[in-house]
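The values are calculated or read from the model by the stated rules, or taken from the named source; none is laboratory data. In this text the structure is predicted, and so the values were computed from the model without any measurement. Here the Cβ is made from the backbone with ideal geometry for all residues, glycine too, and neighbour counts use every protein chain on show. For accessibility, only protein heavy atoms count, side chains too; no ligands or nucleic acids. Shrake-Rupley method; radii C 1.70, N 1.55, O 1.52, S 1.80 Å.
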Amino acid sequence: MKDPVRVVVTGAAGQIGYSILPRISKGDAFGPDQPVILMLLEITPALTALKGVEMELIDCAFPLLHGIVCTDDPMVAFKDADYAFLVGAFPRKAGMVRADLLAKNAGIFKVQGAAIEKVAKKTFKALVVGNPANTNCLILAEHAPSIPRKNFCAMTRLDHNRTIGQLATRAGCTPSDVEGVCVFGNHSASMVPFIEAATIKGKPVREVIGDDEWIAGEFIKTIKTRGGAIIKARGLSSACSAANAAIDCMHDWICGSDGKIVSMAIMSSGKYGVPEGVFYSVPCKCKDGEWEVVELDASKQADALKATADELFDERKTRLSDYIFDPMIADARREFHVLKARMETSKIISKSFAERMEIRKNIVTKQRKEFWEKSHHKDEMKKKWKRKMEKSPFAVDLVADQERLDEEMKFQKLMEKRKKRAETMRKKSLEQRIVRETAQKHAQDLIRKRQRRERERAHKNAALKRSKSAGSVARRKRGSRPPTADVLSPYHQLEERRQAMRAHMEDLHELARQKLQLQELKRRRMMEEQHKQHDYSGSYRKF
């Protein structure tokens, strides 16, 4: 038996991965005698679902399945890999255009390409299924430069099979009766289904169909919009047909197409008027793991072929350059997307904050309303009680006692307010006085320091003049040249440094002394305040 090959499947827990894995394990892709080891790559949140897929594959007991590895690390998945089905990609969501989808998937295939470059075999072959397949394949190939470009292919076999299916249905025959069909260009709405060289049971397609209006209209429209029609009908994307197309493409690539024409999006080489630099679908024939481009007469569709090629080069220019050819632009774009996400998050947070504030406002309004109703009810009860008491013989005394009690409570509250106000004023005045005295003292200290330094400077200048005069007399006697006026003797330099150090130490001592005095002053003031407060409270209680 042959040695097992390592086959990577990305997005293995998704719908297409779930459909493609049993057929790979059964031998539909690499032959009925080729054992495989499946290297299943998924994002971290989907590892639990991937574990369930692994359980089902084990329960199938495929004879050709010699091992399964589940991981979320591309370096582990692509280690010594031989082949890969790159199915996992960011799905298109509501409101997204093709450019947004390109931007999301560029980062995914950049990481996978780097992993292939580092750890995969140099004979590694990859089939890109995740959309937009053509440009994703280009990003993948650019980040794995040591792997030959001919070993990368984007899947347009699904469009190829759809073309065969529509023709077979229209002609009332089986798909195996249709040959020579191919699809040019991008896997998008700009693709060009080509049937000019196709036959049905050996006869030209147009002769068998006999309806050029259907071929130019409904047929082409159905091929281009088939994916959206399936999503609309079943609520999910075309997983079964996509998985089957990937198996067919890989099988014909590796095992050979038996002389039949198949559609493969390979690196353009100038054929069919398409410049080098993009993965462009063309008709091919495969043998012994290699493909060869088939030359067909497509001159009537030259404009359509150019339009789909221009679309691919626009995608390459707008998205691929940002992530491959200009790292500075790539960093800037990534920062832009991060900033955009943060702004959207802040908008959501602001919106939720505004909603919370509105709810809080409603609650406070309701509480105020209830409080007002309760207080109004309390006032009404007081008035009712007074009216009732006025009718009793003891009404006068009771009303007078209640009023007197109310007056005492009001007086007590007023005295408490006055007490708090007086205490606050005393604290403020004390703080202001401490600050004022400290500032005055500091100013006086600065004046004294300045005067002392001026005296020291004057003494130093006088000493310097005396030393210069004595030296000039001596030099005149000796007839030597006088030194320059700005040069001091080593003795005077040492003396100047000593004086500067002495002045610095005096400043430090002065600051420490001021700090101690300020602490002592604060302590005395606090003690005086405590005594005054004690006397005031005692006299109040006595009163």
Evaluate E = 1/(1 + (r/R0)^6) for residue 233 and residue 369, where r is the Cβ-Cβ distance and R0 equals 56 Å; express this FRET efficiency to the nearest 0.05.
0.50
Lys and Arg at +1, Asp and Glu at -1: add these up for the other residues within a Cβ distance under 14 Å of residue 145 and post the number.
+3
Would you kindly derive the ³J(HN,Hα) couplings of the stretch 181-197 from the backbone phi angles with the Karplus curve 6.51 cos²θ - 1.76 cosθ + 1.60 (θ = phi - 60°), listing them in order in whole Hz, with x for Gly and Pro?
7, 8, 10, 9, x, 8, 7, 7, 5, 8, 4, 10, x, 10, 10, 5, 9
Please give, to one decimal in nm, the separation of the simple spin-label points placed at residue 466 and residue 507, each 7 Å out from Cα toward the Cβ.
2.8
For 261-273, 170-182, ranked highest to lowest by mean beta-carbon neighbours within 10 Å, the order is 261-273, 170-182
Solvent-accessible area, 1.4 Å probe, carbon plus sulfur percent, for the stretch 250-322:
49
In Å², what does the accessible area per residue of the stretch 19-158 work out to with a 1.4 Å probe?
39
Using DSSP, restrict attention to beta bridges with both residues in the stretch 103-245 and report what percent are antiparallel, rounded to the nearest 5.
70
Please name whichever of 217, 181, 194 sits farthest to the positive end of the charge dipole of the stretch 179-304, dipole taken about the Cα centre and charges placed at Cβ: Lys and Arg +1, Asp and Glu -1.
217
Are there GluC sites (Glu not before Pro) in the stretch 281-315 that DSSP puts in a loop and that have at most 15 other Cβ atoms within 10 Å, and which ones?
295
Taking a 27 Å limit on the Cα-Cα distance, which of the listed pairs 125/271; 122/285; 110/300; 260/300 fall beyond it?
110/300
